[in-house]
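Participant: Mind having a look at this structure? Questions to follow.
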Amino acid sequence: MKKKIKNIVVKGLVFVLSFAFGMFLAKATKAQDVNALLWKIEGNGLEAPSYLYGTIHAICQEDYFMKESVKEALDNTGQIVLELDMDDPQFMAKMQKNILNAGMKNISPEFNEEDKALVNEFLKANFGADLTQLGIVKPFGLVAMVVQKTIQCSEMASYEQEFIKVAAEKEVELIGLETVEFQTSLFDNEPMEVQIKMLVDGIKDFEEGQEEFKKMVDYYKAEDLEGMQMLVADSPQFAGFEDILLTNRNKDWIPKIGDIVKDQSSFIAVGALHLPGENGVISLLKKAGYSITAAD
């Protein structure tokens with residue numbers, strides 16, 4: 001696979017793992033009463049507060065914003081925590097390795113002719129290559145590429161890249177809650193026909209996805225977690241994958257976050273749709289004994 005195409009796949013996969021799947025998976029349970037993206041973590045024996053921030057990992061430059069309260073939280077904490085350790089020098093290499101099917105198997109024969117034609121047309125039009133070349137990428141990675149194209153911007157911005165920059169400038173450690181190997185294996189145990197259906201449905205619903213993303217950005221800019229949940233509650237594309245992509249991961253993060261904030265005051269930034277709801281990080285941290293309050 002050509003280097004340019006490989007880099008496109010990797011960037012798309014990072015975006016999807018961080019946010020895009022969450023767009024389709026958030027349940028319509030009531031979020032917090034306060035509209036806020038930044039939350040202070042206190043209590044439970046902590047000597048100093050830490051902060052939890054909900055990000056949208058791909059956004060148009062004209063929609064990007066960062067409030068002074070977020071900058072102050074970054075200044076007042078000793079390390080930055082993301083979903084992945086994105087300043088790892090081996091990060092891109094690990095992504096490139098782990099987005100490929102085992103043994104570089106090409107999945108093109110797994111498609112029926114109608115679906116193959118649909119996918120090939122989309123990939124060729126948007127990436128200059130079809131399943132002949134890209135079929136060695138896991139369906140998860142191909143879905144990432146489709147979702148990435150739903151964003152129509154002349155220039156993109158990234159909160160994660162800003163936090164990486166801050167960590168370097170402050171000379172503080174940046175760590176990840178998960179590994180590349182884990183995130184890229186989330187769908188490995190799902191039947192291939194299920195994974196292919198996700199890809200095909202994503203292309204069929206492409207225009208709807210574009211509109212959903214625009215609305216999602218509006219809710220994000222309003223810091224309205226409940227609005228974001230309600231927007232995506234009825235999306236059928238990834239129905240049935242809530243546990244894999246949100247609930248199980250959120251629950252797995254809580255003891256990790258507990259160890260992290262006990263060790264030192266930290267700024268923790270994860271996809272915004274991991275925060276709200278009964279099984280969201282905010283609620284789960286409260287159940288673990290922490291005091292969580294809006295810090296905006």
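The values are calculated or read from the model by the stated rules, or taken from the named source; none is laboratory data. Everything quoted here is computed from the prediction, not taken from an experiment. When we count neighbours, we look across all protein chains shown, and the Cβ atoms used for this are built from the backbone with ideal geometry, even at glycine. Side chains included, ligands, DNA and RNA excluded: accessible areas come from the protein's heavy atoms. Shrake-Rupley method; radii C 1.70, N 1.55, O 1.52, S 1.80 Å.
Participant: Among (1) hydrophobic (A, V, I, L, M, F, W, C); (2) crowded, with 18+ Cβ neighbours inside 10 Å; (3) touching a residue at least 40 places away in the same chain (Cβ under 8 Å), where does L284 come up short?
Facilitator: (3)
Participant: Given the conditions (1) over 19 Å from G141 (Cα atoms); (2) outside any helix (DSSP H, G or I); (3) open to solvent by less than 20 Å² (accessible area, probe 1.4 Å), and given that D296 satisfies all but one, which numbered condition is not satisfied?
Facilitator: All conditions are met except number (3).
Participant: Here is a further query. Could you say whether any residue in the range 94-114 is among the polar types (S, T, N, Q), open to solvent by 40 Å² or more (accessible area, probe 1.4 Å) and in contact with a Gly (Cβ under 7 Å, 6 or more places away or on another chain)?
Facilitator: Our first condition is that a residue be among the polar types (S, T, N, Q); within the range 94-114, this holds for 96, 98, 101, 106, 108, 112.
Keeping just the survivors that are open to solvent by 40 Å² or more (accessible area, probe 1.4 Å) gives 96, 106, 112.
Narrowing the set further to residues that are in contact with a Gly (Cβ under 7 Å, 6 or more places away or on another chain) leaves 106.
Scanning the range 94-114 turns up at least one residue that is among the polar types (S, T, N, Q), open to solvent by 40 Å² or more (accessible area, probe 1.4 Å) and in contact with a Gly (Cβ under 7 Å, 6 or more places away or on another chain).
Participant: Is it fair to say V137 is touching a Phe, Trp or Tyr at 6+ places or on another chain (Cβ under 8 Å), hydrophobic (A, V, I, L, M, F, W, C) and crowded, with 20+ Cβ neighbours inside 10 Å? Steps first, please.
Facilitator: Details: touching a Phe, Trp or Tyr at 6+ places or on another chain (Cβ under 8 Å): no; hydrophobic (A, V, I, L, M, F, W, C): yes; crowded, with 20+ Cβ neighbours inside 10 Å: yes.
Criteria not met by V137.
Participant: Output the residue which, of all residues in the range 262-277 that are part of a loop (DSSP other than H, G, I, E, B) and under 19 Å from the mean Cα position of the chain (by Cα), is modelled with the highest pLDDT.
Facilitator: The first filter runs over the range 262-277 and keeps only residues part of a loop (DSSP other than H, G, I, E, B), leaving 264-265, 275-277.
Imposing the further condition that a residue be under 19 Å from the mean Cα position of the chain (by Cα) reduces the set to 275-277.
Details: L275: 93, P276: 89, G277: 88.
Per the stated criteria, the residue is L275.
Participant: For the range 151-183, enumerate the residues that are closer than 21 Å to F241 by Cα and among the hydroxyl-bearing types (S, T, Y). Can you show your working first?
Facilitator: Step one: list which residues in the range 151-183 are closer than 21 Å to F241 by Cα, which gives 177-183.
T179 - this is the single residue of the range 151-183 that is closer than 21 Å to F241 by Cα and among the hydroxyl-bearing types (S, T, Y).
Participant: Given (1) free of Cβ contacts under 8 Å to residues at least 40 places away in the same chain; (2) under 29 Å from S154 (Cα atoms), where does M86 come up short, assuming only one miss?
Facilitator: (1)
Participant: Separate question: I'd like to verify a number: residues in the range 74-93 that are open to solvent by 20 Å² or more (accessible area, probe 1.4 Å) and not aliphatic (A, V, I, L, M), how many?
Facilitator: Of the range 74-93, the ones open to solvent by 20 Å² or more (accessible area, probe 1.4 Å) are 75-76, 78, 85-90, 92-93.
Of the ones still in play, those that are also not aliphatic (A, V, I, L, M) are 75-76, 78, 85, 87-90.
So the answer is 8.
Participant: Within the range 58-80, is even one residue within 15 Å of the chain's Cα centre (by Cα), under 25 Å from E181 (Cβ atoms) and at pLDDT 50 or above?
Facilitator: Yes, there is a match, as at least one residue in the range 58-80 is within 15 Å of the chain's Cα centre (by Cα), under 25 Å from E181 (Cβ atoms) and at pLDDT 50 or above.
Participant: P49 is checked against (1) at positive phi; (2) touching an Asp or Glu at 6+ places or on another chain (Cβ under 7 Å) and fails just one. What number does that condition carry?
Facilitator: It fails just one condition, (1).
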